[in-house]
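For reference, the structure is listed below as structure tokens.
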2 protein chains.
Amino acid sequence: MPVNPPTLADVAERAGVSRQTVSNALNNPHLLRPETLERVRAVVDELGYSPNRAARNLRTRHSHLVGLRFTPAQEGTANALMDRFLHKLVATSALHGYHVLLFSDDDTEPLQAYDDLLRSTAVDAFVVTDTYLGAPQAAFLTQQRAPFVAFGRPWEDPSATHAWVDVDGAAGTALATDHLLDRGHTRVAWIGWRKDLFIGEDRRSGWVRAMRARGLPTTGLASRVEDTVASGREAAAVLLAEAAPTAFVCASDTLAMGVLQLLAERGLVAGRDVAVVGFDDSQVAQVVPGGLTSVRPPLEQVAVEVVTALRRVLSTPPRANTGVLLSPTLEVRGSG
Amino acid sequence: MPVNPPTLADVAERAGVSRQTVSNALNNPHLLRPETLERVRAVVDELGYSPNRAARNLRTRHSHLVGLRFTPAQEGTANALMDRFLHKLVATSALHGYHVLLFSDDDTEPLQAYDDLLRSTAVDAFVVTDTYLGAPQAAFLTQQRAPFVAFGRPWEDPSATHAWVDVDGAAGTALATDHLLDRGHTRVAWIGWRKDLFIGEDRRSGWVRAMRARGLPTTGLASRVEDTVASGREAAAVLLAEAAPTAFVCASDTLAMGVLQLLAERGLVAGRDVAVVGFDDSQVAQVVPGGLTSVRPPLEQVAVEVVTALRRVLSTPPRANTGVLLSPTLEVRGSG
DNA sequence: GCGCTGGCTTGTATCGATCCAACCGTCGAT
DNA sequence: ATCGACGGTTGGATCGATACAAGCCAGCGC
């Protein structure tokens, strides 16, 4: 163990001022005369002083930690949103003195972990990323009056008043569809998820909107399946046989990879014979031979907005917070 | 804000015992008579008491937090080790009462962040994942007498005495090479990284070892390039032209994707015409059409061993810790 | 000379858990 | 009857930063 780090009192003594003054130098510098401030700061640097976090947390009742439940990407899928988002979240939080604390829950009692962290005053707030159907986190935290910001809209409860940031999936798929239509396609198919997944329906609606805007039919061109490569492949096979589309817009890169797989099996070339667009701009889309055109969610921007919202929520008094909806972009690659 | 959570004193009063007894009930249950313990525990549950972390941290000088610098996966590559590793790390740490705190550093002063967290006693220990050439973290933390465990061997300084866990890259590539040789290939090429990257040389040595074990030549069959898809493609093109290999073992999935790309361009089928094996078992390997055979590092196991080592290092007195080397497995898919 | 203000100092309380030392019934063993 | 262990109690100190109140001194305006 290292020697005990210097304390406030050590700094005070060395700088020839009182503890209070050192504390003020750190937290209310405007109260000090410039030269005193300078002197205190010099000693702080000299001793390498950094306030003891436990002591500060105890007194101020703030931990300056933000909790995030970390769920790993599913094996066998192309989805790895967390990586980009998390890094920017960590970096942006740091700019405002916050660190990110990760936790996981045992699946049996998903709220337990949140509750424990709250009651032990381990975190000041949460970032919630699961807002899929039936996720109880938002409601629970609201009820506990715990500060939090959600990445994802309150689909089930539009009257929810908590802060949230989300990506406009419909705008993304509309962008993708328009791109394909601009390139001359008219029969653009959709491969998405189960009807009860709000995110999937949102993305689907962008495709519908873009098609209708050009007076094109969508009947028979849509498919709803599980989010796996195999399902994407199956769906593409069925659609090709029954509706002869020349392009596919998919709800995820995972599904799009299924389409690419089918094309490969049939000796068709993605981007030349049939166009394919995915969603997420995953690493897979970036490195697959030929490249997969994909809708890129602005995850870095989401992270920045989440931190902004956190600061709002944690300020005293808490400032009201509306939802923020961010538009994705389209990364055009070889597949269409 | 919620009402203030109950404190030790609240529990004590309600259970009709002293503060000390409640504290003992939590930390030294063996000191209590079973029925008293039961009564205290009942009240703890009833009030939903959880010890205030800041207070406990202050008193015990332990935060029960483990710091990890979070670096995002590079865009355009297939490497995303962090995801699997991190989740298991978080889950395993939780079993022993530890949480994971993420931080990032500004690139200008990479040790600053470590130093700040140390001096403010924000974390008890670090998990260090950058042990590449010239990474100064391990030396710095050793010098500061800060507890830490490295994911990665101390390549540059074999005399380093800190705890580490690593994946045996040579064993992985040997496994891959043997697999190809078993399938009848004799001209197996290597595509790896710059000579000064220890990890790359380690992986390369496994290929060399496996080839030599069967008396096969390696001359002219190896290439060293940057870790990008484009470099992998280039290297494969050169090797095919100059050495006519029938199989490739690559230092990463990223490089392997470059090979797959070249094959696709030439109308060759991976796994039939030319075999390709990658390293990392990334999502890309799992979902690319046809599938990429890849060496899978046992990241979950690494995480478990890291936590074990952490507990050793943090125990009083710290128990000595040797390095742990884990063997990867081979995930066989369509490419070879 | 009086009052005021800026820039401190001094002193004390507080946050909540843990540590320490001393003490005290009760019960069983000697 | 004495001793010691068991299973507690009690009171206080401690960790380090921050909050709060009161006081003090120099300098300034009037």
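The values are calculated or read from the model by the stated rules, or taken from the named source; none is laboratory data. Keep in mind that what you see is a predicted model, and the values were worked out from it rather than measured. Backbone-built Cβ (ideal geometry, glycine too); neighbour counts: all protein chains shown. These accessible areas exclude ligands, DNA and RNA; they are computed on the full protein's heavy atoms, side chains included. Shrake-Rupley method; radii C 1.70, N 1.55, O 1.52, S 1.80 Å.
Things worth noting here:
- The stretch A:282-295, residues that are at positive phi and out of contact with any Leu (no Cβ under 9 Å at 6 or more places or on another chain): A:291
- Against the list (1) open to solvent by less than 30 Å² (accessible area, probe 1.4 Å); (2) over 39 Å from the mean Cα position of the chain (by Cα); (3) away from DNA strand D (no atom under 12 Å from the Cβ), the condition residue B:10 fails is (1).
- The residues of the stretch A:1-13 that are more than 12 Å from DNA strand C (Cβ to nearest atom) and without any contact (Cβ under 8 Å) to a residue 40 or more places away in the chain, listed by number, are A:1, A:2, A:3, A:4, A:10.
- Considering residues of the stretch B:14-23 that are within 7 Å of DNA strand C (Cβ to nearest atom) and open to solvent by 60 Å² or more (accessible area, probe 1.4 Å) only, the residue nearest to the other protein chains (Cβ to nearest Cβ): B:19
- Within the stretch B:245-270, being within 12 Å of chain A (Cβ to nearest Cβ), part of a loop (DSSP other than H, G, I, E, B) and open to solvent by less than 40 Å² (accessible area, probe 1.4 Å) holds for one residue alone: B:252.
For (1) part of a loop (DSSP other than H, G, I, E, B); (2) out of contact with any helix residue (DSSP H, G or I) (no Cβ under 7 Å at 6 or more places or on another chain); (3) within 14 Å of DNA strand C (Cβ to nearest atom), each residue gets a yes or a no:
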residue	(1), (2), (3)
B:25	no, no, yes
B:38	no, yes, no
B:50	yes, no, yes
B:56	no, yes, yes
B:86	no, yes, no
B:92	no, no, no
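- Options B:101, B:47, B:86, B:81; residue that is away from DNA strand D (no atom under 15 Å from the Cβ), among the aliphatic types (A, V, I, L, M) and at pLDDT below 85: B:81
- Only one of B:93, B:120 that is more than 8 Å from every other protein chain (Cβ to nearest Cβ) and open to solvent by less than 10 Å² (accessible area, probe 1.4 Å): B:93
- Scanning the stretch B:306-318 for residues that are modelled with pLDDT of 85 or more and out of contact with any Pro (no Cβ under 9 Å at 6 or more places or on another chain) returns B:306, B:307, B:308, B:309, B:311, B:315.
- Inclusion of residue B:185 among residues that are part of a loop (DSSP other than H, G, I, E, B), under 26 Å from residue A:288 (Cβ atoms) and away from chain A (no Cβ under 14 Å) is warranted.
- Among the residues listed as A:150, A:163, the single one being more than 10 Å from every other protein chain (Cβ to nearest Cβ), in contact (Cβ under 8 Å) with a residue 40 or more places away in the chain and buried (at least 22 other Cβ atoms within 10 Å of the Cβ): A:163
- Count - residues of the stretch B:27-36 that are surrounded by 14 or more Cβ atoms within 10 Å (Cβ to Cβ) and part of a loop (DSSP other than H, G, I, E, B): 1
- Hits in the stretch A:271-304 (condition: open to solvent by 30 Å² or more (accessible area, probe 1.4 Å) and more than 9 Å from chain B (Cβ to nearest Cβ)): A:271, A:272, A:273, A:296, A:300, A:301, A:304
- Some residue of the stretch B:50-70 being over 16 Å from the mean Cα position of the chain (by Cα), more than 16 Å from DNA strand D (Cβ to nearest atom), more than 24 Å from residue A:86 (Cα to Cα) and surrounded by fewer than 19 Cβ atoms within 10 Å (Cβ to Cβ): yes
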